[in-house]
Amino acid sequence: MGRKKASSHTAQERNAYQEIQQAQTSQQAAGSAPVIPPDAIFPSQVFDDPPGPHTEVAMPGGFAGHAGSSALPLSSIPGTEVAARKVPWVPPPNARKLSDAEFYTTDQWGNTLPNVEDLKIHFFKEGRLCEHHALWLIEHASTLLKRDANLVHLTGAVTICGDIHGQYYDLMKLFEVGGKIGETTFCFLGDYVDRGNFGIECLLYLYALKMWWPKKFILLRGNHECRHLTEYFTFKRECLHKYSSTVYEACIASFNCLPVSALVDRKFLCVHGGISPDLHTLKDIEDMDRFKEPGSHGLLCDLLWADPISCYGTEQGSVPRGTMFVPNSNRGCSYSYTYDAVCSFLDRNGLLSLVRGHEAQDAGYTMYRKSPSKKFPSLITIFSAPNYLDVYHNRAAVLKYENRNITIRQYNASPHPFWLPNFMNAFTWSLPFVGAKITEMLLAILSICSQEELVESEEEEGGEGKTEEEHAAEQLARRQAIKNKILAVGRMQRVFQLLREEAENQTELIPGDGGPTVGGPDVLNVQGSINRSIKTFDDARRSDLVNERLPSFETVQPAMMFPTPSMRVATRLGSDNVNMEMLIRKALAEDLALDDGGVVERLAERIARGRVARPAALKRHGTA
């Protein structure tokens, strides 16, 4: 229904409406149906786009009719507004896509470029692009990214930014504190997509900025800019939901074009993860082949995946003296480098510090132990996604380098629209709750049936002519069949309970050993139970450790019987190698219902013992 234009009713219209109300009152008192005069529709009630000939509109007294008939629209009633949004302070998503005239613009030299100002506002309102616009933008940005060297040299004032992870609204805040676009050089350390719900918006907007200022926007590659992780986490699903597989494939191709490192003022080496046993001099980076999917080992893998050892700077007693690298157990690939390894690398290459991202930081940054020769922090970690995953409660930061001075600018999270995980709709999300209630109702009905309803006489069964052994065997078989049916209902109830618990705890985090305990299944909310359990940054970090590992999964995944509401893919393994699909299959295969103390088993046995024959139809007078 269209939005109603402002209008005032005449005295004649108000009198007509009062006459209709009085006529309905008298007719209802007399028991007859009301009759609405055909000329009772107010002539001054005008709609921008009136309802079609088959659109039902409400009438006074609770009746409905068709537009164009003699029905009186509910919106005609004085003081009634049916076209207004129920929550007017929340703006609706922008459903209109940009036209060619709005999307394209030209610079002072006549080059065709994307209109970054319109893009910024359009994405802020949750707008989407036409597919050919998105593909054009990705293709032209990829061409520019290919021209960047493996090691990009930067001079002058530079703002170094950490992980973004699809937090578009926080990216807008980053530009507010990081410097003026077009004048400031920005060096992003990677991880633009995955885990957040606006990864494609972040990527397209940064690509548009890259097209306008190729030398002032340096976009390095992170470990999430690859096919393996984007299929495992959320970016692929996001692309398929908002655009198509063609756009996703174009993004994957563009990831292979991203440079892997930057050198700021010949003093600061910027990478996403860290250094490698295969990295001796900067020439090793310049000579490597970056235009490929990262593997699970090698120099490219280490630049994207490596971390500082947990006891960085205080390794004495934790690792043998002189140790440079140890296997990275948290990531499941690459290495953890020690303080000695970083200091040795910096001295060997005449560098001042190593700047990297890759790890969430409570304050948005961490400066590690100073090097003995330069008396400057040997390692700096920057993280630019505030309140990561909406549960970390962390601040974000950027590093501003200017005139040989370093300034850390911190900022907090910005409000953003909420999406259910996997971009599902509310109806799909609610299915486990409905299923759980239905199975509970079935078990409740079975548990209150009277003996009269459960038992038929042997005469009705027609058991004459059978021996006692045959009759006993038939009764035993029938009893087992009834028991199996009741157990099947119980197993289905367990399945829906599992799905319901998962739906109630919509989150990217998996509580593990030592982590917080998630709230019970009686809390019908989206994130409340997990948020009540995770109170601090350390709580979230412990819960998220399993998501930090290099995933091992099959690219082609079998279809699930029930859709999982988790943001993680259906076949994702947890720390105990048990996932949602495996739990569902186990619940369906179990002979006994799980975690119910044998209630369903005992109920099935009791009902089966009572049913010595085929069950009779329920009698209305006999139910409780």
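The values are calculated or read from the model by the stated rules, or taken from the named source; none is laboratory data. Keep in mind that this is a model prediction, so the values were computed, not measured. In this analysis, Cβ positions are derived from the backbone assuming ideal geometry, glycine residues included, and neighbour counts consider all displayed protein chains. Side chains are part of the model used for accessible areas, which takes the heavy atoms of the whole protein and leaves out ligands, DNA and RNA. Shrake-Rupley method; radii C 1.70, N 1.55, O 1.52, S 1.80 Å.
Can you figure out the FRET efficiency of Thr105 with Lys146, using R₀ = 30 Å and their beta-carbon distance, to the nearest 0.05?
The pair Thr105/Lys146 has a calculated efficiency of 0.80.
Testing the spin-label approximation: label points 7 Å from Cα along Cα→Cβ at Trp213 and Glu131. State their distance in nm.
If labels sit at Trp213 and Glu131, their model points lie 3.4 nm apart.
How long is region 291-394 along each principal axis, judged by its Cα atoms, biggest number first, in Å?
39, 32, 31
Pop out the carbon and sulfur fraction of the accessible area of region 100-417 as a percent, whole number, probe 1.4 Å. Intermediate results must be reported in sequence, preceding the final value.
Details: 5770 of 11960 Å².
The value for region 100-417 is 48 percent carbon and sulfur by accessible area.
Once both labels are modelled 7 Å past Cα along the beta-carbon direction, what's the His280-Lys374 spacing in nm?
2.1 nm
When the dipole is taken about the Cα centre of region 100-417, and only Lys, Arg (+1) and Asp, Glu (-1) are charged at their Cβ, what size is it in debye, to the nearest 20?
Once rounded to the nearest 20, the dipole reads 920 debye.
Please pull out the direction-averaged projected area of region 100-417, using the convex hull of its alpha-carbon atoms, in nm² to one decimal place.
Approximately 15.6 nm², given one-decimal rounding.
At 1.4 Å probe radius, can you tell me the per residue accessible area of region 277-355 in Å²?
Ligands and nucleic acids excluded, the figure is 46 Å² per residue.
If r is the Cβ-Cβ distance from Gln480 to Phe433 and R0 is 30 Å, what FRET efficiency results, to the nearest 0.05?
The calculated FRET efficiency here is 0.40.
Could you compute the FRET efficiency for Ser245 and Ala83, with r as their C-beta to C-beta distance and R0 at 41 Å, rounded to 0.05?
Details: r = 37 Å, r/R0 = 0.91.
Efficiency at R0 = 41 Å is approximately 0.65.
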